[in-house]
Amino acid sequence: MEAEGRPAKIRKLEHAQETEDATMDDSTLTTGQAETQTDSAPVTKLSGDSENGEVSVPQEGDDAAGEAAPKLSKNQLKKQRRWERWEAGREDRKVKRKEKIKARKERRRTEWEEQQPAGSAEQPPPFRAPRRGEPPGVQVPITILFDCDFEEYMHDHELKSLGLQITRSYSDNRKAPFRCHLGISSWGGKMKERFDGVLAKQYTSWKGFQFCEEDFVKTSEMSKEWMKGPRGGKIAGALAKYQVEQAQAEGEGVEAEKALADADADEEGEVVYLSAESDNTLERLKPNSTYIIGGLVDKNRHKGLCYKRALDRGIKTAKLPIGEFLQMDSRKVLVTNHVLDIMLKWLEHDDWGKAFIEVLPKRKGGVLKTEEEDGDEGAPDGEEEAAEEVAGENVQPIPNSPPPAYEDVVQAST
(Lines give C-alpha, C1' and ligand atoms only; values in the text may rest on other atoms or scores of the structure.)
Protein backbone atom coordinates (compact mmCIF):
# COMPACT_ATOMS: atom_id res chain seq x y z
CA MET A 1 0.00 0.00 0.00
CA GLU A 2 2.86 2.38 0.75
CA ALA A 3 4.45 1.72 -2.63
CA GLU A 4 1.20 2.51 -4.39
CA GLY A 5 0.62 5.72 -2.41
CA ARG A 6 3.93 7.38 -3.21
CA PRO A 7 3.61 7.49 -7.05
CA ALA A 8 0.12 8.98 -6.65
CA LYS A 9 1.53 11.92 -4.69
CA ILE A 10 4.30 12.39 -7.24
CA ARG A 11 1.84 12.42 -10.12
CA LYS A 12 -0.30 15.01 -8.30
CA LEU A 13 2.66 17.27 -7.76
CA GLU A 14 3.71 16.96 -11.36
CA HIS A 15 0.22 17.87 -12.46
CA ALA A 16 0.22 20.94 -10.24
CA GLN A 17 3.61 21.98 -11.65
CA GLU A 18 2.37 21.58 -15.25
CA THR A 19 -0.69 23.72 -14.45
CA GLU A 20 1.48 26.45 -12.93
CA ASP A 21 3.83 26.43 -15.95
CA ALA A 22 0.90 26.73 -18.34
CA THR A 23 -0.46 29.70 -16.39
CA MET A 24 2.89 31.44 -16.47
CA ASP A 25 3.21 30.90 -20.24
CA ASP A 26 -0.16 32.57 -20.85
CA SER A 27 0.67 35.64 -18.77
CA THR A 28 2.12 38.83 -20.19
CA LEU A 29 5.24 38.55 -18.04
CA THR A 30 8.52 37.84 -19.76
CA THR A 31 10.66 34.90 -18.80
CA GLY A 32 13.13 37.10 -16.99
CA GLN A 33 10.38 38.82 -14.99
CA ALA A 34 8.86 35.46 -14.07
CA GLU A 35 12.23 34.21 -12.77
CA THR A 36 12.68 37.39 -10.77
CA GLN A 37 9.21 37.02 -9.21
CA THR A 38 9.81 33.35 -8.43
CA ASP A 39 13.21 33.94 -6.78
CA SER A 40 12.14 36.98 -4.73
CA ALA A 41 11.63 36.52 -0.97
CA PRO A 42 8.01 36.53 0.19
CA VAL A 43 6.81 39.62 2.05
CA THR A 44 4.82 38.92 5.21
CA LYS A 45 2.62 41.19 7.28
CA LEU A 46 2.72 41.02 11.05
CA SER A 47 -0.54 40.11 12.75
CA GLY A 48 -0.45 43.26 14.87
CA ASP A 49 0.24 45.63 11.94
CA SER A 50 -3.23 45.43 10.44
CA GLU A 51 -4.21 48.83 11.83
CA ASN A 52 -1.29 50.87 10.57
CA GLY A 53 -0.72 48.82 7.43
CA GLU A 54 2.96 48.41 8.25
CA VAL A 55 4.80 45.65 6.41
CA SER A 56 8.03 44.12 7.63
CA VAL A 57 10.42 41.85 5.76
CA PRO A 58 11.99 39.09 7.85
CA GLN A 59 15.73 39.55 8.23
CA GLU A 60 18.44 37.09 8.98
CA GLY A 61 18.30 35.87 12.55
CA ASP A 62 14.59 36.69 12.93
CA ASP A 63 13.75 33.03 13.36
CA ALA A 64 16.02 32.72 16.35
CA ALA A 65 14.72 35.95 17.85
CA GLY A 66 11.14 34.85 17.28
CA GLU A 67 11.74 31.61 19.14
CA ALA A 68 13.23 33.44 22.15
CA ALA A 69 10.68 36.26 22.36
CA PRO A 70 7.22 35.43 23.75
CA LYS A 71 4.40 35.53 21.24
CA LEU A 72 1.89 38.33 21.82
CA SER A 73 -1.69 38.24 20.76
CA LYS A 74 -3.20 40.91 18.56
CA ASN A 75 -4.96 42.47 21.54
CA GLN A 76 -1.72 42.58 23.54
CA LEU A 77 0.10 44.23 20.64
CA LYS A 78 -2.59 46.90 20.46
CA LYS A 79 -2.29 47.59 24.17
CA GLN A 80 1.49 47.75 23.93
CA ARG A 81 1.39 50.24 21.08
CA ARG A 82 -1.25 52.29 22.83
CA TRP A 83 0.96 52.45 25.93
CA GLU A 84 3.99 53.45 23.83
CA ARG A 85 2.01 56.26 22.21
CA TRP A 86 0.86 57.43 25.65
CA GLU A 87 4.41 57.49 26.99
CA ALA A 88 5.67 59.27 23.89
CA GLY A 89 3.14 62.06 24.38
CA ARG A 90 3.89 62.63 28.08
CA GLU A 91 5.93 65.79 27.55
CA ASP A 92 3.39 67.20 25.09
CA ARG A 93 0.60 66.72 27.61
CA LYS A 94 2.68 68.43 30.26
CA VAL A 95 3.19 71.47 28.02
CA LYS A 96 -0.53 71.61 27.17
CA ARG A 97 -1.46 71.50 30.87
CA LYS A 98 0.82 74.43 31.59
CA GLU A 99 -0.67 76.38 28.69
CA LYS A 100 -4.22 75.73 29.94
CA ILE A 101 -3.32 76.82 33.46
CA LYS A 102 -1.70 79.99 32.13
CA ALA A 103 -4.71 80.76 29.93
CA ARG A 104 -7.09 80.19 32.85
CA LYS A 105 -5.08 82.57 35.03
CA GLU A 106 -5.15 85.25 32.36
CA ARG A 107 -8.89 84.82 31.86
CA ARG A 108 -9.59 85.14 35.59
CA ARG A 109 -7.34 88.18 35.83
CA THR A 110 -9.14 89.84 32.91
CA GLU A 111 -12.55 89.15 34.43
CA TRP A 112 -11.44 90.53 37.79
CA GLU A 113 -10.01 93.72 36.21
CA GLU A 114 -13.28 94.31 34.33
CA GLN A 115 -15.22 94.21 37.59
CA GLN A 116 -12.93 96.70 39.35
CA PRO A 117 -13.54 100.47 39.12
CA ALA A 118 -11.23 102.55 36.98
CA GLY A 119 -7.97 103.49 38.65
CA SER A 120 -8.18 100.80 41.33
CA ALA A 121 -4.77 99.73 42.67
CA GLU A 122 -6.03 96.58 44.37
CA GLN A 123 -4.20 93.39 43.46
CA PRO A 124 -6.14 90.39 42.20
CA PRO A 125 -6.59 87.43 44.59
CA PRO A 126 -4.16 84.52 44.28
CA PHE A 127 -5.07 81.86 41.77
CA ARG A 128 -4.47 79.05 44.26
CA ALA A 129 -4.81 78.95 48.01
CA PRO A 130 -1.41 78.87 49.76
CA ARG A 131 -0.24 75.43 50.73
CA ARG A 132 0.08 74.70 54.39
CA GLY A 133 3.09 73.05 55.85
CA GLU A 134 1.04 70.75 58.08
CA PRO A 135 -2.50 69.43 57.51
CA PRO A 136 -5.26 70.68 59.82
CA GLY A 137 -5.78 67.29 61.51
CA VAL A 138 -4.28 66.01 64.76
CA GLN A 139 -1.52 63.40 64.70
CA VAL A 140 -2.22 60.43 66.98
CA PRO A 141 0.30 57.77 68.13
CA ILE A 142 -1.06 54.94 65.96
CA THR A 143 0.63 53.31 62.95
CA ILE A 144 -1.15 51.66 60.02
CA LEU A 145 1.23 49.39 58.09
CA PHE A 146 0.61 47.95 54.60
CA ASP A 147 2.25 44.57 54.06
CA CYS A 148 3.15 44.52 50.34
CA ASP A 149 4.93 41.16 50.17
CA PHE A 150 2.27 39.47 48.01
CA GLU A 151 3.47 40.41 44.54
CA GLU A 152 3.75 36.79 43.39
CA TYR A 153 0.05 36.21 44.11
CA MET A 154 -1.26 39.13 42.03
CA HIS A 155 -1.61 39.96 38.35
CA ASP A 156 -0.37 43.22 36.84
CA HIS A 157 -3.79 44.90 36.89
CA GLU A 158 -4.20 43.90 40.55
CA LEU A 159 -0.83 45.43 41.42
CA LYS A 160 -1.99 48.61 39.72
CA SER A 161 -5.20 48.55 41.76
CA LEU A 162 -3.20 48.12 44.97
CA GLY A 163 -1.07 51.14 44.08
CA LEU A 164 -4.20 53.24 43.60
CA GLN A 165 -5.56 52.07 46.96
CA ILE A 166 -2.35 53.05 48.75
CA THR A 167 -2.35 56.45 47.07
CA ARG A 168 -5.96 56.95 48.12
CA SER A 169 -5.09 55.89 51.68
CA TYR A 170 -2.39 58.55 51.92
CA SER A 171 -4.79 61.23 50.67
CA ASP A 172 -7.57 60.21 53.08
CA ASN A 173 -5.20 60.10 56.02
CA ARG A 174 -3.88 63.61 55.29
CA LYS A 175 -7.42 65.00 55.24
CA ALA A 176 -8.68 63.14 58.32
CA PRO A 177 -9.33 65.04 61.59
CA PHE A 178 -7.11 62.49 63.35
CA ARG A 179 -4.14 61.25 61.35
CA CYS A 180 -2.16 58.05 61.79
CA HIS A 181 1.40 57.18 60.88
CA LEU A 182 1.47 55.20 57.64
CA GLY A 183 4.09 52.82 56.30
CA ILE A 184 4.80 50.09 53.74
CA SER A 185 6.82 46.96 54.42
CA SER A 186 8.58 44.83 51.75
CA TRP A 187 8.82 47.90 49.52
CA GLY A 188 10.23 47.01 46.10
CA GLY A 189 9.56 44.97 42.98
CA LYS A 190 6.92 45.99 40.44
CA MET A 191 5.17 48.24 42.95
CA LYS A 192 8.27 50.41 43.35
CA GLU A 193 8.88 50.38 39.58
CA ARG A 194 5.39 51.74 38.99
CA PHE A 195 5.73 54.45 41.65
CA ASP A 196 9.13 55.45 40.26
CA GLY A 197 8.05 55.39 36.61
CA VAL A 198 4.38 56.08 35.94
CA LEU A 199 3.84 58.07 39.14
CA ALA A 200 7.13 59.98 38.67
CA LYS A 201 8.38 59.37 42.27
CA GLN A 202 5.72 61.56 43.79
CA TYR A 203 5.73 59.36 46.88
CA THR A 204 9.13 60.74 47.87
CA SER A 205 7.40 63.96 49.00
CA TRP A 206 4.72 62.21 51.07
CA LYS A 207 4.80 63.30 54.70
CA GLY A 208 4.12 60.87 57.50
CA PHE A 209 4.50 57.87 55.18
CA GLN A 210 7.48 55.50 55.54
CA PHE A 211 8.68 53.14 52.78
CA CYS A 212 10.68 50.22 54.19
CA GLU A 213 12.29 47.30 52.40
CA GLU A 214 12.14 45.14 55.55
CA ASP A 215 9.29 42.68 56.21
CA PHE A 216 6.27 43.53 58.34
CA VAL A 217 7.80 42.14 61.56
CA LYS A 218 10.92 44.35 61.43
CA THR A 219 8.94 47.32 60.15
CA SER A 220 6.46 47.01 63.04
CA GLU A 221 9.42 47.25 65.44
CA MET A 222 10.64 50.34 63.60
CA SER A 223 7.20 51.93 63.88
CA LYS A 224 7.60 52.23 67.66
CA GLU A 225 10.18 54.94 67.07
CA TRP A 226 7.84 56.81 64.72
CA MET A 227 5.31 57.20 67.53
CA LYS A 228 7.79 58.64 70.03
CA GLY A 229 8.93 62.20 70.48
CA PRO A 230 7.15 65.46 69.71
CA ARG A 231 6.10 64.32 66.22
CA GLY A 232 4.79 61.00 67.43
CA GLY A 233 1.36 62.49 68.09
CA LYS A 234 -0.88 63.06 71.05
CA ILE A 235 -3.81 61.17 72.49
CA ALA A 236 -6.97 62.69 71.05
CA GLY A 237 -10.33 61.74 69.60
CA ALA A 238 -11.68 58.35 70.63
CA LEU A 239 -8.32 57.48 72.21
CA ALA A 240 -8.77 60.29 74.76
CA LYS A 241 -12.15 58.94 75.87
CA TYR A 242 -10.71 55.59 76.90
CA GLN A 243 -7.75 57.24 78.59
CA VAL A 244 -10.16 59.34 80.67
CA GLU A 245 -12.31 56.35 81.57
CA GLN A 246 -9.27 54.33 82.59
CA ALA A 247 -7.84 57.15 84.70
CA GLN A 248 -11.20 57.84 86.35
CA ALA A 249 -11.64 54.15 87.14
CA GLU A 250 -8.24 54.06 88.82
CA GLY A 251 -8.52 57.44 90.58
CA GLU A 252 -12.27 57.45 91.46
CA GLY A 253 -13.63 60.84 90.57
CA VAL A 254 -10.68 62.25 88.69
CA GLU A 255 -11.66 65.10 86.40
CA ALA A 256 -11.41 64.62 82.65
CA GLU A 257 -8.81 67.35 82.09
CA LYS A 258 -6.57 66.02 84.84
CA ALA A 259 -6.99 62.47 83.58
CA LEU A 260 -5.86 63.51 80.12
CA ALA A 261 -2.90 65.41 81.55
CA ASP A 262 -1.83 62.37 83.58
CA ALA A 263 -2.38 59.94 80.70
CA ASP A 264 0.81 58.07 79.88
CA ALA A 265 1.39 58.59 76.16
CA ASP A 266 4.41 56.28 76.23
CA GLU A 267 2.52 53.19 77.36
CA GLU A 268 3.35 49.96 75.59
CA GLY A 269 1.17 49.32 72.57
CA GLU A 270 0.50 46.17 70.55
CA VAL A 271 1.09 44.82 67.06
CA VAL A 272 -2.02 43.39 65.36
CA TYR A 273 -2.39 41.89 61.89
CA LEU A 274 -5.93 42.54 60.63
CA SER A 275 -7.53 39.51 58.99
CA ALA A 276 -11.15 38.55 58.34
CA GLU A 277 -10.35 34.90 59.26
CA SER A 278 -9.22 35.77 62.80
CA ASP A 279 -11.20 34.59 65.83
CA ASN A 280 -10.40 37.79 67.75
CA THR A 281 -12.45 40.96 67.31
CA LEU A 282 -10.88 44.41 67.41
CA GLU A 283 -12.89 46.29 70.01
CA ARG A 284 -10.93 49.55 69.92
CA LEU A 285 -7.63 51.08 68.85
CA LYS A 286 -4.92 51.54 71.44
CA PRO A 287 -2.22 54.22 71.60
CA ASN A 288 1.33 53.37 70.43
CA SER A 289 0.00 50.34 68.56
CA THR A 290 0.70 49.14 65.02
CA TYR A 291 -2.07 47.64 62.90
CA ILE A 292 -1.01 45.72 59.79
CA ILE A 293 -3.19 45.52 56.67
CA GLY A 294 -2.37 42.91 54.05
CA GLY A 295 -1.68 44.56 50.69
CA LEU A 296 -3.29 41.78 48.67
CA VAL A 297 -5.72 42.26 45.78
CA ASP A 298 -6.63 38.76 44.59
CA LYS A 299 -10.46 38.69 44.26
CA ASN A 300 -10.49 36.23 47.17
CA ARG A 301 -8.46 33.59 45.31
CA HIS A 302 -6.03 33.01 48.19
CA LYS A 303 -8.22 32.72 51.27
CA GLY A 304 -6.58 32.94 54.68
CA LEU A 305 -3.16 33.88 53.29
CA CYS A 306 -2.67 36.94 55.51
CA TYR A 307 -4.00 35.08 58.56
CA LYS A 308 -1.60 32.17 58.07
CA ARG A 309 1.27 34.57 57.40
CA ALA A 310 0.68 36.32 60.75
CA LEU A 311 0.40 33.05 62.68
CA ASP A 312 3.65 31.75 61.21
CA ARG A 313 5.46 34.86 62.47
CA GLY A 314 3.80 34.87 65.89
CA ILE A 315 1.85 38.11 65.36
CA LYS A 316 -1.49 38.70 67.04
CA THR A 317 -4.49 38.77 64.68
CA ALA A 318 -7.89 40.44 64.87
CA LYS A 319 -10.82 41.33 62.63
CA LEU A 320 -12.97 44.42 62.45
CA PRO A 321 -16.32 44.02 64.28
CA ILE A 322 -18.37 44.05 61.08
CA GLY A 323 -20.62 41.17 62.07
CA GLU A 324 -21.50 42.80 65.39
CA PHE A 325 -22.74 46.03 63.84
CA LEU A 326 -23.72 45.29 60.22
CA GLN A 327 -25.88 42.89 58.29
CA MET A 328 -24.20 42.54 54.90
CA ASP A 329 -25.34 40.97 51.63
CA SER A 330 -21.78 40.43 50.35
CA ARG A 331 -18.54 39.06 51.73
CA LYS A 332 -16.82 40.90 54.58
CA VAL A 333 -13.41 41.17 52.89
CA LEU A 334 -12.56 44.84 52.33
CA VAL A 335 -9.97 46.68 50.25
CA THR A 336 -7.02 48.29 51.99
CA ASN A 337 -8.15 51.93 51.80
CA HIS A 338 -11.61 51.03 53.17
CA VAL A 339 -10.00 49.37 56.20
CA LEU A 340 -7.92 52.48 56.86
CA ASP A 341 -10.91 54.81 56.39
CA ILE A 342 -12.97 52.79 58.88
CA MET A 343 -10.26 53.10 61.51
CA LEU A 344 -9.94 56.84 60.86
CA LYS A 345 -13.71 57.25 61.22
CA TRP A 346 -13.65 55.34 64.49
CA LEU A 347 -11.03 57.75 65.83
CA GLU A 348 -13.37 60.58 64.88
CA HIS A 349 -16.76 59.22 66.04
CA ASP A 350 -15.88 56.47 68.54
CA ASP A 351 -18.59 54.38 66.89
CA TRP A 352 -17.86 51.35 64.71
CA GLY A 353 -21.36 51.25 63.27
CA LYS A 354 -21.22 54.85 62.10
CA ALA A 355 -17.74 54.30 60.69
CA PHE A 356 -18.90 51.28 58.67
CA ILE A 357 -21.93 53.09 57.24
CA GLU A 358 -19.93 56.17 56.20
CA VAL A 359 -17.11 54.22 54.51
CA LEU A 360 -18.54 51.06 52.98
CA PRO A 361 -20.02 51.49 49.48
CA LYS A 362 -23.74 50.93 49.03
CA ARG A 363 -23.15 47.96 46.73
CA LYS A 364 -22.02 46.02 49.81
CA GLY A 365 -25.59 46.18 51.11
CA GLY A 366 -24.55 46.92 54.71
CA VAL A 367 -27.37 47.74 57.15
CA LEU A 368 -26.94 48.51 60.84
CA LYS A 369 -28.38 45.74 62.97
CA THR A 370 -30.14 48.25 65.23
CA GLU A 371 -32.00 49.71 62.22
CA GLU A 372 -32.89 46.24 60.97
CA GLU A 373 -34.33 45.28 64.38
CA ASP A 374 -36.33 48.52 64.57
CA GLY A 375 -37.78 47.84 61.14
CA ASP A 376 -38.81 44.32 62.13
CA GLU A 377 -40.62 45.34 65.34
CA GLY A 378 -43.76 46.49 63.55
CA ALA A 379 -43.99 43.52 61.23
CA PRO A 380 -45.42 40.89 63.64
CA ASP A 381 -48.42 43.08 64.60
CA GLY A 382 -49.54 43.49 61.00
CA GLU A 383 -49.07 39.80 60.27
CA GLU A 384 -51.04 38.80 63.36
CA GLU A 385 -53.97 41.06 62.44
CA ALA A 386 -54.06 39.65 58.93
CA ALA A 387 -54.02 36.10 60.27
CA GLU A 388 -56.82 36.83 62.71
CA GLU A 389 -59.02 38.15 59.93
CA VAL A 390 -58.45 35.01 57.87
CA ALA A 391 -58.51 32.27 60.50
CA GLY A 392 -60.20 34.06 63.37
CA GLU A 393 -57.50 32.85 65.74
CA ASN A 394 -54.43 34.22 67.44
CA VAL A 395 -51.15 33.57 65.65
CA GLN A 396 -47.98 33.40 67.74
CA PRO A 397 -44.51 33.30 66.23
CA ILE A 398 -42.55 30.12 66.78
CA PRO A 399 -39.83 30.57 69.44
CA ASN A 400 -36.27 31.06 68.13
CA SER A 401 -37.58 31.53 64.60
CA PRO A 402 -37.39 34.44 62.16
CA PRO A 403 -40.15 37.04 62.45
CA PRO A 404 -43.38 36.29 60.59
CA ALA A 405 -42.45 38.80 57.89
CA TYR A 406 -39.89 36.31 56.63
CA GLU A 407 -41.79 33.01 56.96
CA ASP A 408 -45.19 31.57 56.29
CA VAL A 409 -47.87 32.25 58.86
CA VAL A 410 -48.34 29.27 61.14
CA GLN A 411 -51.73 28.88 62.75
CA ALA A 412 -51.89 27.77 66.35
CA SER A 413 -53.61 24.47 66.87
CA THR A 414 -56.85 24.49 68.92
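The values are calculated or read from the model by the stated rules, or taken from the named source; none is laboratory data. Just so we're clear, the structure is a prediction, and the values are computed from it rather than from any experiment. Using ideal geometry, Cβ is built from the backbone for each residue, glycine included, and neighbour counts are taken over all protein chains shown.
Out of all the residues in region 365-375, is one or more under 28 Å from Leu145 (Cβ atoms) and at pLDDT 90 or above?
no
This table checks each residue for (1) at pLDDT below 90; (2) surrounded by 11 or more Cβ atoms within 10 Å (Cβ to Cβ).
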position	(1), (2)
Gln116	yes, yes
Ser120	yes, no
Pro130	yes, no
Met154	no, yes
Leu164	no, yes
Ser169	no, yes
Ile184	no, yes
Lys190	no, yes
Trp206	no, yes
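For the condition free of Cβ contacts under 8 Å to residues at least 40 places away in the same chain and either surrounded by 20 or more Cβ atoms within 10 Å (Cβ to Cβ) or touching a strand residue (DSSP E or B) at 6+ places or on another chain (Cβ under 6 Å) (or both), what is the one hit in Phe195, Phe150, Phe178, Phe216?
Phe195
Among all residue pairs at least 6 apart or on different chains, which show Cβ distances below 7 Å where the first residue, located in region 235-247, is within 18 Å of Lys345 (Cα to Cα) and of a type in the set (Gly, Ala, Ser) and the second is modelled with pLDDT of 75 or more and surrounded by fewer than 21 Cβ atoms within 10 Å (Cβ to Cβ)?
Ala236/Val138; Gly237/Glu348; Ala238/Asp350
Looking only at region 274-301, count how many residues are exposed (fewer than 14 other Cβ atoms within 10 Å of the Cβ) and within 19 Å of the chain's Cα centre (by Cα).
3
Within region 186-207, identify whether any single residue is touching a Ser or Thr at 6+ places or on another chain (Cβ under 8 Å) and acidic (Asp, Glu), and answer yes or no.
No, the conditions are met nowhere in region 186-207.
So, in region 323-360, exactly how many residues are modelled with pLDDT under 90, part of a helix (DSSP H, G or I) and of a type in the set (Val, Ile, Thr)?
Going through region 323-360 one residue at a time, the tally reaches 0.
Kindly state which helices (runs of 4 or more DSSP H) lie completely within region 210-287 and contain at least 2 residues that are at pLDDT 95 or above.
Those helices (runs of 4 or more DSSP H) span 216-226.
Tell me which residues, restricted to region 302-321, are over 24 Å from the mean Cα position of the chain (by Cα), assigned to a loop (DSSP other than H, G, I, E, B) and among the charged types (D, E, K, R).
If the condition is that a residue be over 24 Å from the mean Cα position of the chain (by Cα), assigned to a loop (DSSP other than H, G, I, E, B) and among the charged types (D, E, K, R), then Arg313 is the only one that fits.
Residues that are buried (at least 18 other Cβ atoms within 10 Å of the Cβ), under 30 Å from Asp156 (Cβ atoms) and either touching a Lys or Arg at 6+ places or on another chain (Cβ under 7 Å) or not assigned by TED's automatic domain parsing to the domain that holds Lys175 (or both): does region 337-349 have at least one?
Checking region 337-349: at least one residue is buried (at least 18 other Cβ atoms within 10 Å of the Cβ), under 30 Å from Asp156 (Cβ atoms) and either touching a Lys or Arg at 6+ places or on another chain (Cβ under 7 Å) or not assigned by TED's automatic domain parsing to the domain that holds Lys175 (or both).
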